[in-house]
Amino acid sequence: MANAQQTEHVGLARVLGPAHVWALGVGIVLVGEYMGWNFAVGKGGAYAALMACWFAGILYTCVAMIDSEVTSTVAAAGGQYTQAKHIVGPLMAFNVGLYLVFAYTMLEAANAITVGFLVDTVATMTGHEGGLDQRPFIILAIMFLAWLNYRGVLATLTFNLVITAIAFTAVIILFLATSGIFTTSPLQHKDLMSGPAALPYGWLGVLAAMHFGLWYYLGIEGTTQAAEEVRSPARSLPFGTLAGVMTLAIAATLTWYVSSGLMPWEYLGQAGVPLFDAARLSGSTFLMVLLGIGTLFATLASANGCINDASRAWFAMGRDRYLPGWFGAVHPRYRTPYRAIIFLVPIALIFALGAPIDQVITFSILSGLLEYTFMPLNIILFRKKWPLESIKRGYEHPFHPLPAYVLLGLCGITFFAVFLGYGTQLVAMIAFYIVVSLWFHFWRYRFVNRGAQFTMPWPKPRGY
Amino acid sequence: MDLWDFLEYAAWAASALFGLFIVIDWIKTDSTYSEEFLTSSREGELEALTEEQHHRG
């Protein structure tokens, strides 16, 4: 503490390595393999979910490549918000900052709801009668993880690393145990996916499945929020992010393979915890316990990463006075954005205790989708204003501008898919962002710390 | 009353404890340090800070 005072300023601590970046990205997302992705099966059948898995995989590979290049040069908390501030402009940055906070806080709330549901399921399975009050477990999940985040980023993401690794290993073990490599396989793809079950709603079902196809990967872009806390951002961020997307592509395909081989699409499309159900259907008590623990750990890892990311985005906006400067405080001892962490706790609690989970998830997906739509614009402007020879990048993504255009096209398709199922929410969300943009433009922008917000030692942009 | 009923109470109590820790530490921190010091973090300043601390040994 005395050291911190001697320097007369305090900042976030650079203590993380590439493994923590991987744990942050994969930790947020892996819960999507344990639950949520299977609603894509309900939209269009098992084949449609597999196609959605791969199309979403392409979308997120583009996201990861673009993000890795930009963030390896913009090493600051706030991630895409800070990128937008430097490359596009203040209004875009304000919107992107809000997309981030909404996407992560809603996802945190959805995870907490799931923790309550899981505890209730275990209680019922062990013979508890009369139902369980889920609220204390939902609140405990949020309060414990907020406390952990408050106490320091190293412990927070080391915790994430351990529980994410266990949850990922559980998926691999389930695949190995059911694939027929060691014993007779219980999987029945041929019977479950032939005839009308192949594509029950035709190609429109494939399109509709894209909505929940995002769930396989949603949140991997959160790795960039660690930019100000990793020891070597130019190396760790691209490494952690790209390794994360590869991990998720493997986990997503294995999850689909095992689940679609054990359950008919009509059931799988509505299951609450499909991987846990798959483990139960395998007939092995060991697998059932392992996947039960995996489900809980994946849920906690996701909520934990979401608190980390939402608070960094909120903190960065406060530090630049896009929001009240009070939020830009750093704890002198724990070196965390403690006021941003505290502020977001009641918001997560309100949504976790008062909103239905599908609405919460949809708001999270929509905010994420708006953020991905910004990315192609961001990278095209970045390459135009600062060509490769003008700034040294930690990573240069290949085939530019192809990934940007592919990402833009896939985002357009996914917006249409979301519109098919949740048109009202989509319109309401866009209306909300238009209103807050007007508020920012006509009122809040006068308080922004304009002189201090461009911090990267870059040359003047080309054409200016 | 079975184990799950006790766990419900334990979850309420643990939640309150975590919340209490955060709030007490928040009040203590805000009253110990000046606002300028707490909000002194600047984007892109960490490298400079690390260098400065390194030189002070």
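How would you order A:170-179, A:295-304, A:318-327 from highest to lowest mean count of nearby Cβ atoms within 10 Å? Intermediate values should be presented prior to the final figure.
On the way: A:170-179: 19.3, A:295-304: 27.7, A:318-327: 21.3.
My ranking of the peptides, most packed first, is A:295-304, A:318-327, A:170-179.
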Inset, instruction - Give the peptides A:214-223, A:441-450 in descending order of average Cβ contacts within 10 Å, highest first. - result: A:214-223, A:441-450
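Starting from the Kirkwood Rh over alpha-carbon pairs, what translational D in µm² s⁻¹ does chain A have by Stokes-Einstein at 25 °C and 0.890 mPa s?
Value of D from the Cα-based Kirkwood radius: 109 µm²/s.
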Inset, instruction - Could you go through the stretch A:43-52 in sequence order and give the Karplus-derived ³J(HN,Hα) for each residue, using 6.51 cos²θ - 1.76 cosθ + 1.60 with θ = phi - 60°, rounded to whole Hz, and x for Gly and Pro? - result: 6, x, x, 5, 4, 4, 5, 5, 5, 4
Inset, instruction - Work through the residues other than A:Tyr372 whose Cβ is under 11 Å from its Cβ and net out their charges, Lys, Arg +1 and Asp, Glu -1. - result: -3
Legend entry - Partners for A:Lys190 among lysines (Cα-Cα distance below 30 Å; same-chain residues under 8 apart left out): A:Lys43
Inset, instruction - Mind listing the long-range amide H neighbours of A:Leu16? Cut-off is under 5 Å, sequence gap 5 or more, other chains count too, H placed in the peptide plane at 1.01 Å from N. - result: A:Val230, A:Arg231
Inset, instruction - Can you tell me the order of A:244-251, A:402-409 when each peptide is scored by its average per-residue count of other Cβ atoms within 10 angstrom, highest first? - result: A:244-251, A:402-409
Inset, instruction - Express the C-alpha Rg of the stretch A:397-463 as a ratio against the empirical globular expectation 2.2 N^0.38 Å, rounded to two decimals. - result: 1.66
Inset, instruction - Give the Kirkwood hydrodynamic radius (Å, one decimal) of the stretch A:1-74, defined as one over the mean of 1/r across all pairs of different Cα atoms. - result: 15.9 Å
Inset, instruction - Please name which of A:Leu107, A:Ala64, A:Pro459 has its Cα lying farthest along the dipole of the protein assembly as shown towards the positive end, using unit charges on Cβ (Lys, Arg +1; Asp, Glu -1) and the Cα centre as origin. - result: A:Pro459
Inset, instruction - Can you spot the lysines whose alpha carbon is less than 19 Å from A:Lys460's alpha carbon? Ignore those fewer than 8 places along the same chain. - result: A:Lys85, A:Lys384, A:Lys385, A:Lys392
Legend entry - Values of log10 I(q)/I(0), in the order q = 0.11 Å⁻¹, for the stretch A:100-227 under a Debye, Cα-only, solvent-free model: -0.69
Inset, instruction - Over chain A, give the accessible area per residue in Å² for a 1.4 Å probe, as an integer. - result: 36 Å²
Legend entry - Stretchable slack from A:Glu389 to A:Val162, in nm (0.36 nm times residue separation minus alpha-carbon distance): 77.7 nm
Inset, instruction - Return an integer: the convex hull volume of the alpha-carbon atoms of the stretch A:299-425, in Å³ per residue. - result: 178 Å³
Inset, instruction - In debye, nearest 20, what is the charge dipole magnitude of the stretch A:22-452 about its Cα centre with +1 on Lys and Arg Cβ and -1 on Asp and Glu Cβ, if you could check? - result: 1440 debye
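Count, for each residue of A:117-124, the Cβ atoms from other chains sitting within 10 Å of its Cβ, then give me the mean as a whole number.
Per residue, the average neighbour count from other chains is 2.
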Inset, instruction - Please report how far the C-alpha centroid of the stretch A:213-282 lies from that of the stretch B:1-32, rounded to the nearest whole angstrom. - result: 32 Å
Legend entry - Around A:Tyr445: net Lys/Arg minus Asp/Glu count, Cβ-Cβ under 12 Å: +3
Inset, instruction - Note down the net charge around A:Ala329, summing +1 for each Lys or Arg and -1 for each Asp or Glu among other residues with Cβ under 14 Å from its Cβ. - result: +3
Legend entry - Averaged over A:332-339, number of beta-carbon atoms from partner chains that fall within 10 Å: 3
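The values are calculated or read from the model by the stated rules, or taken from the named source; none is laboratory data. Because the structure is predicted, anything quoted here is derived from the model rather than measured. We place every Cβ from the backbone using ideal geometry, glycine too, and count neighbours over all the protein chains shown. Note: areas computed on protein heavy atoms with side chains; ligands, DNA, RNA excluded. Shrake-Rupley method; radii C 1.70, N 1.55, O 1.52, S 1.80 Å.
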